[in-house]
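Note sheet for the following structure.
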Amino acid sequence: MYDPFPAARLLYDARVPGQSLTGLPDTILPANLDQAYAVQFALCELLMPTQGPVQGYKVGCTNAKARSLLGIDSCFSGRCFENDIKHAPTRINRSDYHMVGIEPEIALRVGQDLAPADPWTARRVADLTIEVMPSIELVESRFATWPKMGAFSAVADNGVHRELILGDPVSDWSLESVNNAQVTLSVNDQRVDQGHAMNVDDGPFGVLAWLANHLNAQGAVLRAGDIVTTGVLTNIYNATSGQLLVANYGSFGTLEIEVT
């Protein structure tokens, strides 16, 4: 029987800058998604004493380009911890991270438990969403070989999640307006990318529905108050020190991150 804890311990220890991995040893490498999620769960058990309880989830590989990058044919999820959820504007120190991957996204807060029932749809989860927020997921792989370490290792590594930066909740929104949201990403006043909410599969609420069904299949439930960040609207941007990053979502708000 596969034991996820040796891989989880290696991934936990590798979170220290300068301690990145080239790969997991073959003897403990997860061989499938079920084993990868088992490692992720064990890793999260190790992280919670310092990072706080799970307050939500990230969903990764929410479009075909991202899935091709990691060689996976589906989305995947990771957990967001209380102490790793911050509010913009914020400042981070590049030396505290293996990498600073910037992903402009849309985050959603659910208003009630999404327990198993009929399959969840975008419309049904939209009706149960109580907050929509512009967000930036800060992604960080603990593997020096990113993204060539493979999808199972990425999932095991808590979906390469590090932090979630939130903007203010949007005051007036609908499923349609969220699906039409756009973002421009600028670095030191120079536009470097732009994106659209439909860059993610079936829009942000479609991603939320996927996560609700995915967790239900694992015997878990999205809880009232959980925050879900729903996938990158642009390409990932690798930030470096000395940069001021601004994600402008128009009427949905603006987020700023300074990297020192």
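Counting only helices (runs of 4 or more DSSP H) that fall entirely inside segment 1-103 and contain at least 2 residues that are at pLDDT 95 or above and surrounded by fewer than 20 Cβ atoms within 10 Å (Cβ to Cβ), the qualifying elements are 5-13, 33-51.
Is it true that residue 116 is more than 27 Å from residue 249 (Cα to Cα), surrounded by 13 or more Cβ atoms within 10 Å (Cβ to Cβ) and in contact (Cβ under 8 Å) with a residue 12 or more places away in the chain? Spelling it out, residue 116 is indeed more than 27 Å from residue 249 (Cα to Cα), surrounded by 13 or more Cβ atoms within 10 Å (Cβ to Cβ) and in contact (Cβ under 8 Å) with a residue 12 or more places away in the chain.
Does residue 224 satisfy the condition of being without any contact (Cβ under 8 Å) to a residue 24 or more places away in the chain and either more than 30 Å from residue 16 (Cα to Cα) or not in a strand (DSSP E or B) (or both)? Even if it seems obvious, please write down each step before you answer.
Working: without any contact (Cβ under 8 Å) to a residue 24 or more places away in the chain: no; either more than 30 Å from residue 16 (Cα to Cα) or not in a strand (DSSP E or B) (or both): yes.
When the stated conditions are applied, residue 224 does not pass them.
Of these, 172, 193, which one is surrounded by fewer than 18 Cβ atoms within 10 Å (Cβ to Cβ) and either part of a strand (DSSP E or B) or out of contact with any strand residue (DSSP E or B) (no Cβ under 7 Å at 6 or more places or on another chain) (or both)?
Numbers: 193 fails: surrounded by fewer than 18 Cβ atoms within 10 Å (Cβ to Cβ).
Only one candidate qualifies: 172.
Can you name every residue in segment 115-132 that is closer than 16 Å to residue 173 by Cβ and touching a strand residue (DSSP E or B) at 6+ places or on another chain (Cβ under 9 Å)? Write out each step before concluding.
From segment 115-132, those closer than 16 Å to residue 173 by Cβ are 122-123, 125-132; that's our starting set.
Result: 125, 126, 128, 129, 130, 131, 132.
Here residue 177 meets each of (1) of a type in the set (Ser, Thr, Tyr); (2) out of contact with any Lys or Arg (no Cβ under 8 Å at 6 or more places or on another chain); (3) not in a helix (DSSP H, G or I) with one exception, condition (3). Checking every residue in segment 119-136 against the condition of being in a strand (DSSP E or B), surrounded by 16 or more Cβ atoms within 10 Å (Cβ to Cβ) and among the basic types (Lys, Arg) gives zero matches. Can you spot a residue in segment 197-205 that is under 22 Å from residue 83 (Cα atoms), out of contact with any Pro (no Cβ under 6 Å at 6 or more places or on another chain) and in contact (Cβ under 8 Å) with a residue 24 or more places away in the chain? No, segment 197-205 contains no residue that is under 22 Å from residue 83 (Cα atoms), out of contact with any Pro (no Cβ under 6 Å at 6 or more places or on another chain) and in contact (Cβ under 8 Å) with a residue 24 or more places away in the chain.
In segment 241-252 there is at least one residue that is in a loop (DSSP other than H, G, I, E, B), in contact (Cβ under 8 Å) with a residue 60 or more places away in the chain and within 21 Å of residue 202 (Cβ to Cβ).
Considering only segment 196-215, I want to know if a residue exists there that is surrounded by fewer than 19 Cβ atoms within 10 Å (Cβ to Cβ), under 27 Å from residue 244 (Cβ atoms) and at pLDDT 95 or above.
Checked against the condition, which is being surrounded by fewer than 19 Cβ atoms within 10 Å (Cβ to Cβ), under 27 Å from residue 244 (Cβ atoms) and at pLDDT 95 or above, segment 196-215 yields at least one hit.
Of all residues in segment 228-260, those satisfying the criterion of being out of contact with any helix residue (DSSP H, G or I) (no Cβ under 8 Å at 6 or more places or on another chain), of a type outside the set (S, T, N, Q) and closer than 18 Å to residue 160 by Cβ are 236, 237, 257. A Cβ distance below 6 Å, combined with a sequence gap of six or more or placement on separate chains, defines the contacts here; from segment 144-168, residues that are closer than 26 Å to residue 86 by Cα reach residues that are in a loop (DSSP other than H, G, I, E, B) and among the acidic types (Asp, Glu) in the pairs 162/140.
The values are calculated or read from the model by the stated rules, or taken from the named source; none is laboratory data. What you see is a predicted model; the values in this text were computed from it and never measured. We place every Cβ from the backbone using ideal geometry, glycine too, and count neighbours over all the protein chains shown.
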